[in-house]
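Note sheet for the following structure.
Each reported figure results from applying straightforward, stated rules to the coordinates on display, with no laboratory input. As the structure is a computational prediction, the values presented were derived from the model and not from experiment. Backbone-built Cβ (ideal geometry, glycine too); neighbour counts: all protein chains shown.
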Amino acid sequence: MTEPETVPPEKPTARQARAEHKALAAEIAAANDAYFREDQPILDDATYDAKRRRLVALEEVYPALKGAEAVSEAVGAKPSSKFAKIRHRVPMLSLGNAFADEEVAEFVQRVRSFLGMKPEVAGPAFTAEPKIDGLSLSLRYEKGALVHAATRGDGEEGEDVTPNARTISEIPHHLSGAEVPEIAEVRGEVYLGHADFAGINERQREKGLSEFANPRNAAAGSLRQLDVSITAARPLRFFAYAWGEMPVLPAQTQSGVVETFKRWGFLTNPLMARCESVDELLARYRLIEAQRATLGYDIDGVVYKVDDLALQARLGFVSRAPRWAIAHKFPAELATTILENIEIQVGRTGALSPVARLKPVTVGGVVVTNATLHNEDYIRGFDSKGETIRESDIRIGDTVTVKRAGDVIPRVEAVDLSKRAADSQPYVFPTVCPICHSDAVREHNPRSGKEDAVRRCTGGLICPAQAMERLKHFVSRDALDIDGLGDKQIEFFHADPDLPVKEPAEIFTLATRDGTNLKKLKDKEGFGTQSVAKLFAAIEDRRTPPLNRFIFGLGIRHIGETNARLLARHYGSFEALRSAVVASADAASPERQELDAIDGVGPTVVEALMQFFAEAHNEEMLERLLAQVTPQPLEAVASISPVAGKIVVFTGALEQMTRDEAKAMAERLGAKVAGSVSSKTDLLVAGPGAGSKLKDAAKHGVQVIDEAGWFDLVGT
Ligand code: IVH
């Protein structure tokens, strides 16, 4: 067959398309494997691209061809079973530390005396660069091609993460430039930016998985994945700053080699500079420290390295660290102050969060007046597993240590018991919501069977604090995204006596309540005729939100963007979702089985959905809201497909697809797949060997087709 770039004019039949699609998918998967895992491309780029385009074109004509794990959308290759070990030919060492300026001067003096430099001779020159807080990686290139990527491990032996490293866009598969060496091991740091770290944790939360404590852990967890597609989905980054085996060095200085790395296609840190004296080193340190908060990624110090490689060779190593380098660490960002009060904030899901009000104190150059106390257990001195993390509890009036790490929210870390007043009392965590006075309870996690660390207000929408936070969420960027209606405006409207907005529906009645002449709003602080008109137009514009955004905007617990999209795709309409969840209260119902079976929707999500719809306030709120807005199905596909909204049962042997594939295909096309035939069933797809279900179908008058009939039905 020639390689057509688009679907040819004579449209293939559904069956032809399926056969061709299957063959193409297999070829592309093999090519992905070869490229990502082996780096032995079996297709040239143009052919690969043409095949992918053809695949996508077929899927456009026959959406049913898109598999759950569509090759057209897959990145990277399948997981390997375990990490192999790789011995570093040149060990990966660590660095000595300096904390005070004097220790830097001592380091420079040690270098000078080791090299026997006379007092009147200046130098040597050093490089100074940020110490990236990630994990180090050694990349081996042979004849310019990446052959191995290994983690540091114990310094002698690391883990083979080659397929993972190949998914990092900032790691070249091939070195560029005219003079590519035979062998070059480039080393550097894999790390995650703050925004990407937040995104990853958000998705972890949505999936009910535990969150990463910091960007470094998240980077390590993302790189060391047996399933390479997980690594590929995480936006890992890489700075090159060192090397291992490199028989022919491309320069005679540290800075020169790093410059060469840039020409080879790596990113190097732009803050690296060459310094001629201790004063210059310290000046660079201050400059980097000043930029720390705005870099967008974590650094924990500045590394100084002797620039001249001949001098580095003379200096050599002492135990496991080079004599020619040192890490000048940033001071822990700690400060001591008085805990003046503990206030409880109530969040969108009712979580009661204790906030420490502090006597203002400077921590790492920033004035801090509030810090988190996490939860009730943390105040008492225990972590989420119930382990003791502090010798004492935290009390109002205590002298406390506050820590600010990177740009995360400061937290109260420790208590100075010697300064505690004799009459101080343990803090009593409220068991009622401070805003609406409903009970505040600690739920039992159905999965772990343990008590949740978070105490939650049970008031739901009755609670003004929850209601306001939910409103903010409803209009937020990833939900309804109403221009000109941010947190500030929601707070304003929520409290406004003339035009109160207490629930989502009331956003959409603002304009009519205000009257056509904008009489109430336009004279208020911050609103002019024009801005009010603009706001009303933006609100009007959102009366037909995409279903996934609408579901996400409701702020149901555990329903983040991903789950909202899954549900929107699966059910097609809000009504379908609602009735399915309501019916799911009966654990034996087909609706419940269907809900449980949705890939990616776990028991926590199912529980949260059922709770939400079981709550009368929510139903009432929804009724009012749905009188104002009409959510739009996510994909038109579902509604135009002949099986959209139909209940389908598969039985017997299927030849062209697995049962899972069949189910996924039907669901993507908007059908519901049931396990047994009842009077509600619309269609039975029966392969050879079908038994009792055929009889049931006959009994209930259900249409029966075979697998070929199914393809003809959904393919055209
Ligand atoms: S140089 C032989 N430069 O710090 C010395 N290390 O404490 C090779 N690190 O394992 C390391 N940023 O993971 C060097 N700009 C930088 C660095 C850096 C971060 C890490 C690296 C190393 C650890 C040593």
(request) Could you run the Karplus curve 6.51 cos²θ - 1.76 cosθ + 1.60 with θ = phi - 60° over segment 563-579 and give me ³J(HN,Hα) per residue in whole Hz, x for Gly and Pro? (result) 5, 4, 5, 4, 5, 4, 4, 5, 8, x, 9, 5, 4, 4, 4, 4, 5
(message) Which cysteines in the chain lack any other cysteine whose Cβ sits under 4.7 Å from their own Cβ?
(response) CYS275
(request) Calculate, in nm to one decimal, what ALA213 and ASN97 gain on full extension: separation in residues at 0.36 nm each, minus their alpha carbon distance. (result) 39.4 nm
(request) Would you mind getting me the FRET efficiency between LYS524 and ASP423? Use the beta-carbon distance for r and R0 = 45 Å, nearest 0.05. (result) 0.40
(message) Just to verify a number: FRET efficiency for ASP706 and GLU60, C-beta to C-beta distance, R0 = 25 Å, to 0.05?
(response) 0.40
(message) Please list, by residue number, every one of the GluC sites (Glu not before Pro) in segment 508-617 that is coil in DSSP and has at most 16 other beta-carbon atoms within 10 Å.
(response) GLU525, GLU615
(request) Work through the residues other than TRP264 whose Cβ is under 14 Å from its Cβ and net out their charges, Lys, Arg +1 and Asp, Glu -1. (result) -1
(request) Pop a pseudo-label 7 angstrom from the Cα along the beta-carbon direction at both GLU142 and ALA627 and give the gap in nm to one decimal. (result) 7.4 nm
(message) Using amide H atoms built in the peptide plane, which far-off residues or other-chain residues are under 5 Å from VAL361 H to H?
(response) VAL368
(request) Count neighbours as other Cβ atoms within 10 Å of each site's Cβ, and list the GluC sites (Glu not before Pro) in segment 294-396 that are DSSP loop with at most 13 such neighbours. (result) GLU387, GLU391
(message) How charged is the neighbourhood of ALA122? Take every other residue with its Cβ under 11 Å from the Cβ of ALA122, and add Lys/Arg as +1 and Asp/Glu as -1.
(response) 0
(request) Sticking with the crude label model, points 7 Å out along Cα→Cβ, report the distance from GLU391 to GLU413 in nm, one decimal please. (result) 1.6 nm
(request) With a ≥ b ≥ c taken as the square roots of the eigenvalues of the C-alpha gyration tensor of segment 73-189, please select rounded if a/c is under 1.5 and otherwise prolate if a/b is larger than b/c or oblate if it is not? (result) prolate
(request) Based on the mean of other Cβ atoms within 10 Å per residue, sort peptides 670-680, 168-178 so the most packed one is first. (result) 670-680, 168-178
(request) Distance check, please: which entries in LYS118/LYS329; LYS646/LYS693; LYS329/LYS359 exceed 21 angstrom between their Cα atoms? (result) LYS118/LYS329; LYS329/LYS359
(request) Normalising by the residue count of the chain, find the relative contact order in percent from Cα pairs under 8 Å and 6+ residues apart. (result) 10 percent
(message) Is the C-alpha gyration tensor of the chain telling us rounded, prolate or oblate? Criteria: a/c under 1.5 is rounded; beyond that, a/b larger than b/c is prolate, otherwise oblate.
(response) oblate
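Please report ASP423, ASP660 as a ranked list, fewest other C-beta atoms within 10 angstrom at the top and most at the bottom.
Final ranking by Cβ density, sparse to dense: ASP423, ASP660.
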(request) Apply the Karplus parameterisation 6.51 cos²θ - 1.76 cosθ + 1.60, with θ equal to phi minus 60°, to every residue of segment 700-712 and state each ³J(HN,Hα) to the nearest whole Hz, in sequence, with x for glycine and proline. (result) 8, x, 8, 5, 10, 10, 9, 4, 5, x, 4, 5, 5
(message) Taking the Cα centroid of segment 106-181 and of segment 456-471, what is the distance between the two, rounded to the nearest whole Å?
(response) 52 Å
(message) Checking the table LYS85/LYS143; LYS22/LYS699; LYS663/LYS695 against a 30 Å threshold on Cα-Cα, which pairs fail?
(response) LYS22/LYS699
(request) Could you compute the FRET efficiency for VAL367 and THR658, with r as their C-beta to C-beta distance and R0 at 45 Å, rounded to 0.05? (result) 0.15
(request) Under 9 Å from the Cβ of HIS88, count the other residues' Cβ atoms, weight Lys and Arg +1, Asp and Glu -1, and hand me the total. (result) -1
(request) Return the loop-located trypsin sites (Lys or Arg not before Pro) in segment 417-475 (DSSP other than H, G, I, E, B) with at most 15 other Cβ atoms within 10 Å of their own Cβ; answer none if there are none. (result) ARG420, ARG447, LYS450
(message) Which entries of LYS207/LYS450; LYS450/LYS672; LYS419/LYS450; LYS419/LYS488 have Cα-Cα distances beyond 30 Å here?
(response) LYS450/LYS672; LYS419/LYS450; LYS419/LYS488
(message) Test of understanding: what is the full-extension gain from HIS173 to THR294, defined as 0.36 nm times their sequence separation minus their Cα-Cα distance?
(response) 40.5 nm
(message) 5 Å is the cut-off here: which amide hydrogens, built 1.01 Å from N in the peptide plane, fall below it relative to ALA690, excluding neighbours closer than 5 in sequence?
(response) ALA653
(message) Could you derive backbone 3J(HN,Hα) for segment 652-659 from the dihedral phi with the Karplus parameters 6.51, -1.76 and 1.60 (θ = phi - 60°), listing whole Hz in sequence and x where the residue is Gly or Pro?
(response) x, 7, 9, 9, 8, 8, 7, 4
(message) Using a 7 Å offset from the Cα along the Cα-to-Cβ direction at both LYS450 and ARG87, what is the distance between the two label points in nm, to one decimal?
(response) 4.2 nm
(request) Could you pull out which residues in segment 407-441 have an amide N less than 13 Å from a spot 7 Å beyond the Cα of HIS374, following the Cα-Cβ vector? (result) 411-414
(message) Using amide H atoms built in the peptide plane, which far-off residues or other-chain residues are under 5 Å from THR253 H to H?
(response) LEU309
(request) Considering Cα pairs under 8 angstrom that are at least six residues apart, work out the relative contact order of segment 541-669 and quote it in whole percent. (result) 31 percent
